[in-house]
Amino acid sequence: VPVEPTVKVDTWWDLGIDDATAIWFVQDVGKERRIVDYLEVSGEGLPQIAKRLDAKAYRYGRHILPHDAEARELGTGVSRIETLHALGVNNTEVIPAQAVADGINATRLMLSRCWFDAERCERGLEALKQYRREWDGKRQVWRERPLHDWCSHAADAFRYGALSRLPIKSPSALIMPNFGVV
């Protein structure tokens with residue numbers, strides 16, 4: 001998928017502290033949502049991630065972050081948003097905490113407009129393909145929440161991006177049947 005140089009690139013994040021941080025790089029070109037790149041890192045702090053963003057040399061638009069980006073670190077009292085701003089990552093938007101099912105449904109509605117770069121998004125695409133619910137063998141039912149594994153980070157970041165394009169106050173109006181694989 002080509003990167004359109006005249007269109008800004010938005011990023012959709014899932015922040016990981018003990019887990020991975022996942023970031024999708026997205027352009028809206030006409031009716032297409034171009035998913036042009038994906039970054040996943042583990043064990044790196046925000047300063048290293050900001051350097052990775054700079055190295056990609058995209059013209060950035062919005063940086064979509066999860067609700068926990070506003071959490072303040074106990075030792076410093078500084079939020080992750082404030083840290084990112086100090087590192088030059090500005091134009092941030094925080095997605096309020098919402099039901100996971102609402103985000104999955106928003107993602108389902110958006111997917112038909114998405115075009116993925118197969119090479120730059122390879123790991124993220126594999127994560128989306130393998131994202132699934134967890135089976136409760138004891139009760140013989142699917143659990144309501146998705147399985148938390150290596151796929152969760154990419155899927156959560158993508159979900160936040162899908163929610164950022166919707167009227168945040170009423171995503172429950174988009175509920176669709178068959179909660180599960182995205």
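The values are calculated or read from the model by the stated rules, or taken from the named source; none is laboratory data. Just so it is clear, the model here is predicted, and its values are computed rather than measured. Every residue, glycine as well, gets a Cβ built from its backbone with ideal geometry; the counts of neighbours run over all protein chains shown. These area figures cover heavy atoms from the full protein model, side chains too; ligands, DNA and RNA do not enter into them. Shrake-Rupley method; radii C 1.70, N 1.55, O 1.52, S 1.80 Å.
Of the helices (runs of 4 or more DSSP H) lying entirely inside the range 27-128, those carrying at least 2 residues that are closer than 28 Å to ARG145 by Cα and in contact with a helix residue (DSSP H, G or I) (Cβ under 8 Å, 6 or more places away or on another chain) are 80-86, 100-110. Looking at the range 18-64 only, could you name the residues that are at negative phi, of a type in the set (A, V, I, L, M) and either without any contact (Cβ under 8 Å) to a residue 12 or more places away in the chain or open to solvent by 20 Å² or more (accessible area, probe 1.4 Å) (or both)? Result: VAL29, LEU46, ALA55. Do we find a residue being closer than 20 Å to THR21 by Cα, at pLDDT below 95, in contact with a Leu (Cβ under 9 Å, 6 or more places away or on another chain) and open to solvent by less than 40 Å² (accessible area, probe 1.4 Å) anywhere in the range 132-148? No, that holds for no residue. When the range 149-181 is limited to residues that are charged (D, E, K, R) and more than 10 Å from the chain's Cα centre (by Cα), the one that is modelled with the lowest pLDDT turns out to be LYS169.
Every test in (1) closer than 18 Å to GLN48 by Cβ; (2) open to solvent by less than 50 Å² (accessible area, probe 1.4 Å); (3) out of contact with any Asp or Glu (no Cβ under 8 Å at 6 or more places or on another chain) is passed by ALA106 save one, and that test is (1). For the range 96-114, indicate whether the set of residues that are in contact with a Ser or Thr (Cβ under 7 Å, 6 or more places away or on another chain) and within 22 Å of VAL9 (Cα to Cα) is non-empty. For the range 96-114, residues in contact with a Ser or Thr (Cβ under 7 Å, 6 or more places away or on another chain) and within 22 Å of VAL9 (Cα to Cα): absent.
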